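K.L.:
One structure, pasted below without further comment.
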Amino acid sequence: MSLNYRSLASAAVLAASLLVTPSQAQTPPPAPAAPDAKPAEPYTITGNFGIYSQYIFRGLTQTDTKPAFQGGFDWAHTSGFYLGTWGSNISWIKDPNPSTCSHGCSLEWDLYGGYKYAFNDDWGMDVGVLYYYYPGKYIAGATKPNTTEIYIAGSWKWASLKYSHSVDDTFGIPNSKNSWYLDASANYPINDAWTLNAHVGRQEYKGGTGGFSNGDFLNYTDWKLGATWLYNGYNIGAYYSDTNAKDAGYVIAGKNIGKSTGTVFIQKTF
């Protein structure tokens, strides 16, 4: 019997939750390089780690409101191409029924790559592919939650619009190929330390299960509003999130995982 997961897992975009690092203060220009200095590498490698009071993805808690530990690494080339990986603990797969998975299923591991291009100082675009991997041993006949999405995004200064399209079954929902998610985000820098964060998104499921349309139970809109404070290289923040996700599709272990909630976090990029 196929599993009928009624939840979304994460992902994400990069740098976890849709929050961006506030603008940095201007620094003096570097001193001229010595004649025998080696040229700068054409790429950068960065890492990130964060502790969150819970893991929220597209408005849905992935950890039953319990803490999440998240981190990843990114490689970016001056040509615009990039690769990355990111992970977080989760519980939404086992929460409804622990027998769903006999081993594992408590980790989300994302792999992604793409290309970014800046038209000028204000406008940019980003295209890529993201694979959500949930390692574990599932019961026979289950629709595994592993999901592949392709995405395209446009940005203007501190605002962005992104469209993500699944090319296979989506987060464990049978027959849900070609489901999509559209989100608009704004991260407005008040000053060098404070940034206001806002987001609204729409998840649409395609296909059907057991003679019923997936969208009738699973389509929903989510939104959030918060702020991030940059202090000694750490991003400290909080945000409120909510959805109109129906109980019929998003109740796990007696709780609607899309209900209104607040999240706090501390994160650092190095």
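The values are calculated or read from the model by the stated rules, or taken from the named source; none is laboratory data. As the structure is a computational prediction, the values presented were derived from the model and not from experiment. When we count neighbours, we look across all protein chains shown, and the Cβ atoms used for this are built from the backbone with ideal geometry, even at glycine. Note: accessible area is taken over every heavy atom of the protein model, side chains too, but ligands, DNA and RNA are not part of it. Shrake-Rupley method; radii C 1.70, N 1.55, O 1.52, S 1.80 Å.
K.L.:
Mind checking the log10 I(q)/I(0) for the range 45-183 at q = 0.13, 0.17 Å⁻¹? Debye, one equal scatterer per Cα, no solvent, two decimals.
P.N.:
So the normalised log intensities are -0.66, -1.07.
K.L.:
What is the extension gain from Leu225 to Tyr115, computed as 0.36 nm multiplied by their sequence separation minus the C-alpha to C-alpha distance, in nm to one decimal?
P.N.:
Once the chain is fully extended between Leu225 and Tyr115, it gains 36.8 nm.
K.L.:
Taking 0.36 nm per intervening residue step and subtracting the Cα-Cα distance, what contour gain separates Ala193 from Phe212 on full extension?
P.N.:
Gain on extension, Ala193 to Phe212, equals 1.9 nm.
K.L.:
With the full set of protein chains in place, find how many percent of the accessible area of the chain is carbon and sulfur; take the probe as 1.4 Å.
P.N.:
Summing carbon and sulfur atoms, their accessible area is 64 percent of the total for the chain.
K.L.:
Compute the accessible area per residue over the chain, keeping the other protein chains in place, probe 1.4 Å, unit Å².
P.N.:
Solvent-accessible surface per residue comes out at 51 Å².
K.L.:
For the range 148-227, just say rounded, prolate or oblate: build the C-alpha gyration tensor, square-root its eigenvalues into a ≥ b ≥ c, call rounded for a/c under 1.5, and beyond that prolate if a/b exceeds b/c, oblate if not.
P.N.:
Prolate is the answer for the range 148-227, as a/c is 1.5 or above and a/b outweighs b/c.
K.L.:
With a cut-off of 8 Å between alpha carbons and a minimum separation of six or more residues, what is the relative contact order of the range 52-162 in percent?
P.N.:
18 percent
K.L.:
With a 1.4 Å probe and all protein chains in place, put Lys268, Lys137 in order of accessible area, largest first.
P.N.:
If we order Lys268, Lys137 from most to least accessible, we get Lys137, Lys268.
K.L.:
Provide, in order from the shortest bin, the percent of all Cα-Cα pairs of the chain in each 5 Å bin, continuing until the bin that contains the maximum pair distance.
P.N.:
Result returned by the calculation: 1, 6, 12, 16, 20, 17, 11, 7, 5, 3, 2, 1, 1, 0, 0.
K.L.:
Now for a different question. Determine ³J(HN,Hα), in whole Hz, for all residues of the range 237-252 in sequence, where each value follows from phi through the Karplus function 6.51 cos²θ - 1.76 cosθ + 1.60 and θ = phi - 60°; x replaces Gly and Pro.
P.N.:
For the range 237-252, the Karplus curve yields x, 8, 8, 10, 9, 7, 8, 10, 4, 6, 4, 4, x, 10, 8, 10 Hz.
K.L.:
By how many nm would the segment from Trp156 to Thr78 lengthen if fully extended, with 0.36 nm per residue of separation less the alpha-carbon distance?
P.N.:
26.1 nm
K.L.:
In nm, to one decimal, how far is the modelled label at Val127 from the one at Thr44, with both set 7 Å along Cα→Cβ?
P.N.:
A separation of 2.4 nm, rounded to one decimal place.
K.L.:
If you don't mind, there's one more thing I want to ask. Near Ser155, within a Cβ-to-Cβ distance under 13 Å, what is the net charge of the other residues, with Lys and Arg +1 and Asp and Glu -1?
P.N.:
With Lys, Arg at +1 and Asp, Glu at -1, the net is -1.
K.L.:
Turning to a different aspect of this structure: Compute the orientation-averaged projected area for the range 199-270 from the convex hull of its Cα atoms and round it to one decimal in nm².
P.N.:
The Cα convex hull of the range 199-270, projected and averaged over all directions, gives 6.6 nm².
K.L.:
Near the amide H of Asp168, under 5 Å away, which other amide H atoms are found, from residues 5 or more places off or on another chain, if H is placed in the peptide plane?
P.N.:
The answer is Thr148, Asn178.
K.L.:
How many nm separate the modelled label positions at Phe69 and Ser106, each set 7 Å beyond the Cα in the direction of the Cβ?
P.N.:
A separation of 1.1 nm, rounded to one decimal place.
K.L.:
Quick one: check the C-alpha center-to-center distance for the range 243-257 versus the range 145-172, whole angstrom.
P.N.:
If we compute the Cα centre of each part, the gap is 23 Å.
K.L.:
Show me, for the range 60-68, the HN-Hα J-couplings you get by feeding each phi into the Karplus relation (A = 6.51, B = -1.76, C = 1.60, θ = phi - 60°), rounded to Hz, glycine and proline as x.
P.N.:
10, 6, 9, 10, 6, 6, 9, x, 10
K.L.:
In this model, which of Lys66/Lys177; Lys206/Lys246; Lys66/Lys116; Lys66/Lys268; Lys224/Lys246 are farther than 27 Å apart at the alpha-carbon?
P.N.:
In this structure, Lys66/Lys177; Lys66/Lys116 exceed 27 Å between Cα atoms.
K.L.:
Sticking with this structure for a sec: Roughly how much of Leu225 is accessible, in Å² to the nearest 10, using a 1.4 Å probe?
P.N.:
We get 110 Å² for Leu225.
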